[in-house]
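The values are calculated or read from the model by the stated rules, or taken from the named source; none is laboratory data. If you're wondering where the values come from, they're calculated on a predicted model, not measured in any experiment. Note that we place each Cβ from the backbone using ideal geometry, even for glycine, and neighbour counts take in every protein chain shown.
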Amino acid sequence: MNVKPSSERVSRQMAALGQRDTAPEIAVRSELHRRGLRFRVHCQPEPRMRTKADVVFRSKRVCVYIDGCFWHGCPEHGTVPVSNREFWETKIKRNRERDQEVSRQLRECGWTVVRIWEHEDPISAAERIELLVASQ
């Protein structure tokens, strides 16, 4: 299916949105750092894979993705625009499928994958990550 964005203006706006260092990412990273954890930011856990995790604890083989509610189809907060609905449904569905495939591949390579929604409390998310890293 070759569905196009509704307009060139919308396409430019969406392309201009930041893909890294979003407010939710920074909030979780700040809390992790405050807890004394050190990590890599926006790097590939596996060199042969094209994915970049938001936070990587290389020695513990833990990688964290902080997923946006809109782009990754959050069941609680995700929405689909009314305009050009077919395009957005296809786009978000494909993002979710890719997320699942990336997580599966990383687990097969021995990584623990943590996925956090952007709406989650950064303190709770950091606590979850800290406990997981400590147990590795």
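Looking at (1) modelled with pLDDT under 95; (2) in contact with a Pro (Cβ under 9 Å, 6 or more places away or on another chain), which is the only condition Thr79 fails?
Only one criterion in (1) modelled with pLDDT under 95; (2) in contact with a Pro (Cβ under 9 Å, 6 or more places away or on another chain) is unmet by Thr79, namely (2).
Would you pick out the residues in the stretch 97-107 that are more than 15 Å from Val62 (Cβ to Cβ), of a type in the set (D, E, K, R) and free of Cβ contacts under 8 Å to residues at least 12 places away in the same chain?
Scanning the stretch 97-107 gives Glu97, Arg98, Glu101, Arg104.
Given the criteria among the small types (Gly, Ala, Ser), out of contact with any Asp or Glu (no Cβ under 7 Å at 6 or more places or on another chain), farther than 21 Å from Gln19 by Cα and outside any helix (DSSP H, G or I), does Gly110 qualify?
Here the answer is yes, as Gly110 does meet what is asked.
Could you run through the stretch 49-79 and say how many residues are small (Gly, Ala, Ser), farther than 15 Å from Arg29 by Cβ and within 11 Å of the chain's Cα centre (by Cα)?
Just the residues of the stretch 49-79 that are small (Gly, Ala, Ser), to begin with: 53, 59, 68, 73, 78.
Keeping just the survivors that are farther than 15 Å from Arg29 by Cβ gives 59, 68, 73, 78.
Checking the rest, the ones that are also within 11 Å of the chain's Cα centre (by Cα) come to 68.
So the answer is 1.
Would you be able to tell me the number of residues in the stretch 71-94 that are farther than 20 Å from Thr22 by Cα and of a type in the set (Phe, Trp, Tyr)?
2
Among the numbered conditions (1) surrounded by fewer than 16 Cβ atoms within 10 Å (Cβ to Cβ); (2) at pLDDT 95 or above; (3) within 29 Å of Gln136 (Cα to Cα); (4) out of contact with any Ser or Thr (no Cβ under 7 Å at 6 or more places or on another chain), tell me where Arg94 comes up short.
(3)
Look at Arg20 and say whether it is of a type in the set (Lys, Arg) and either within 11 Å of the chain's Cα centre (by Cα) or exposed (fewer than 12 other Cβ atoms within 10 Å of the Cβ) (or both).
yes
Being surrounded by fewer than 16 Cβ atoms within 10 Å (Cβ to Cβ) and in contact (Cβ under 8 Å) with a residue 60 or more places away in the chain is the filter; apply it to the stretch 82-91 and report the residue that is farthest from Val56 (Cα to Cα). Write out each step before concluding.
Just the residues of the stretch 82-91 that are surrounded by fewer than 16 Cβ atoms within 10 Å (Cβ to Cβ), to begin with: 82-83, 85-86, 89-90.
Next, from what is left, pick out any that are in contact (Cβ under 8 Å) with a residue 60 or more places away in the chain: 83, 86, 90.
Values: Ser83: 37, Glu86: 34, Thr90: 29 Å.
Among those that are surrounded by fewer than 16 Cβ atoms within 10 Å (Cβ to Cβ) and in contact (Cβ under 8 Å) with a residue 60 or more places away in the chain, it is Ser83.
Taking interchain pairs and intrachain pairs at least six residues apart, which have beta carbon atoms under 8 angstrom, with the first residue in the stretch 48-76 and touching a residue at least 60 places away in the same chain (Cβ under 8 Å) and crowded, with 18+ Cβ neighbours inside 10 Å and the second of a type in the set (Ser, Thr, Tyr) and in a loop (DSSP other than H, G, I, E, B)?
That search, which allows pairs on different chains as well, returns nothing.
I want to confirm something. Restricting to the stretch 114-136 and keeping residues that are free of Cβ contacts under 8 Å to residues at least 60 places away in the same chain and assigned to a helix (DSSP H, G or I), which single residue is farthest from Glu31 (Cα to Cα)?
So the residue we want is Ser135.
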